[in-house]
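Structure first, commentary second.
Coordinate-derived values only; no laboratory data. If you're wondering where the values come from, they're calculated on a predicted model, not measured in any experiment. Every residue, glycine among them, receives a Cβ derived from its backbone with ideal geometry; neighbour counts consider all protein chains shown.
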Amino acid sequence: MGMKQTHKSRSKRGLKIVIWTLSIIAMVIIAASVILDSLTYKPLDEAKAVFRSDPEVVVEHLKDGYRFEPVGGEVIQPDIIFYPGGLVEPESYAPFAKRMAEKGHRVYIASMPLNLAVFGQNKADSFISEHQGSRYVIGGHSLGGVFAARYASEHTDIIDGVYFMASYADDGGKLNGLNMSALQITGTKDGILDRTEWEAARKNLPDDTTYVDIAGGNHGQFGSYGFQKGDNEASLTPAEQLIEVTEAMDLWIQGIDLFQR
C-alpha cells in the first residue's frame, strides 16, 4: 500500500513539473512574440493605400507572399522578386512593387517567418514555380538583400540579376565570377547601413555591377514604414526616393541580356 502511494506521489510531482515547464515555455514564447511584434515596423497609410488592385495592377495574396501583376498586355521580363528588410512587414514595400508593376513587370514580395529573411531564404521557390518559362531578378532591402544574394548564388540557372537596396552580398552569397548582373542602390543619408562592411563586400559582386547612390536618401525610405531607429533624416521625400529607386531599377533591367546563357 505504501509503495503504491509513493508511486502515485512521484507521478503527481512529475506531472506538476511537466505542466510548470510547459507553462514557462508558453509564457516565454508569448513574451518573445509580444517583444518581436513591438520591434517590427509596420506599413504606413501610404503603403496601405496602394496595397490593392486597381485598373492597372492586380494585387494577390499568395501562400508565401504577394503578387503585383500588370493588367492587360504581355508582362515584361524579367519578373521581380523582393525580400523585405529585417523586422519590416512585407506590405511596407507595396509602393515599390506597385510602381514596378505599372512599368509592366510581375513583382513578388516574400512574407518571411517572423519578418526575418534569415528564416525564409528559399521563399522565391514558390514564386518561380508559377511561371517556369520566365526569367527573374531577385533582391531586397537591408537583410533581405543579403539572403536574396544567397538564393541567387545557388540558382544561377534561373536568376539573371540581383539588386541591393542598402544591402550587400556577404560571403555566404558570393556572386563574383558569375555571369550575372547586379545593382547596388544606397542613400547618402543612410544611418543604418554599415559602410565599412558594404565596401568590403564589393569583392563578392559580379563584374557587371551598377552603383547608384541617391543623394539625400536614407535607409527607411526604401520602404514605407516610417522612421527607423538609428537612421538619419532624409533630405528627399519618400515619394522622391521611390522615383529614384524605381528609375534606377528600370534602367538596370533594360540593360540585362535575359537570354545570354
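Assign one of three labels to segment 43-254, namely rounded, prolate or oblate, based on the Cα gyration tensor with a ≥ b ≥ c the square roots of its eigenvalues; rounded applies when a/c is under 1.5, prolate when it is not and a/b is larger than b/c, and oblate otherwise. Here segment 43-254 falls in the rounded category. Using a cut-off of 31 Å between Cα atoms, the listed pairs LYS42/LYS203; LYS48/LYS123; LYS63/LYS189; LYS98/LYS229 include LYS42/LYS203; LYS63/LYS189 as exceeding that distance. The distance between label points at LEU62 and GLN254 comes to 2.7 nm (points 7 Å beyond Cα on the Cα→Cβ vector).
How much net charge surrounds ALA234 when only the other residues with a Cβ under 10 Å from the Cβ of ALA234 are counted, with Lys and Arg +1 and Asp and Glu -1? Charge balance near ALA234 sits at -3.
Report the relative contact order of segment 43-254, percent, no decimals, based on alpha-carbon pairs under 8 angstrom and at least 6 residues apart. Can you show the working numbers first?
Values: 490 pairs, mean separation 36.3, N = 212.
Relative contact order, segment 43-254: 17 percent.
Using C-alpha pairs under 8 Å with a sequence gap of at least 6, the mean separation divided by the residue count of segment 66-146 gives a relative contact order of 43 percent. If a spin label sat at a point 7 angstrom from the Cα of LEU39 along the line to its beta carbon, the backbone N atoms of segment 133-153 nearer than 19 Å would be those of 141-147. Across segment 180-193, computed HN-Hα scalar couplings (Karplus, 6.51 cos²θ - 1.76 cosθ + 1.60, θ = phi - 60°) run 8, 9, 9, 10, 10, 10, 10, x, 5, 9, 5, x, 9, 4 Hz from first to last residue, x flagging Gly and Pro.
Distance from the Cα centroid of segment 159-224 to that of segment 130-150 is 13 Å (rounded to whole angstrom).
Lys and Arg at +1, Asp and Glu at -1: add these up for the other residues within a Cβ distance under 12 Å of ALA200 and post the number.
Values: positive: ARG195, ARG202, LYS203; negative: ASP170, ASP171, ASP194, GLU197, GLU199.
For residues surrounding ALA200, the net value is -2.
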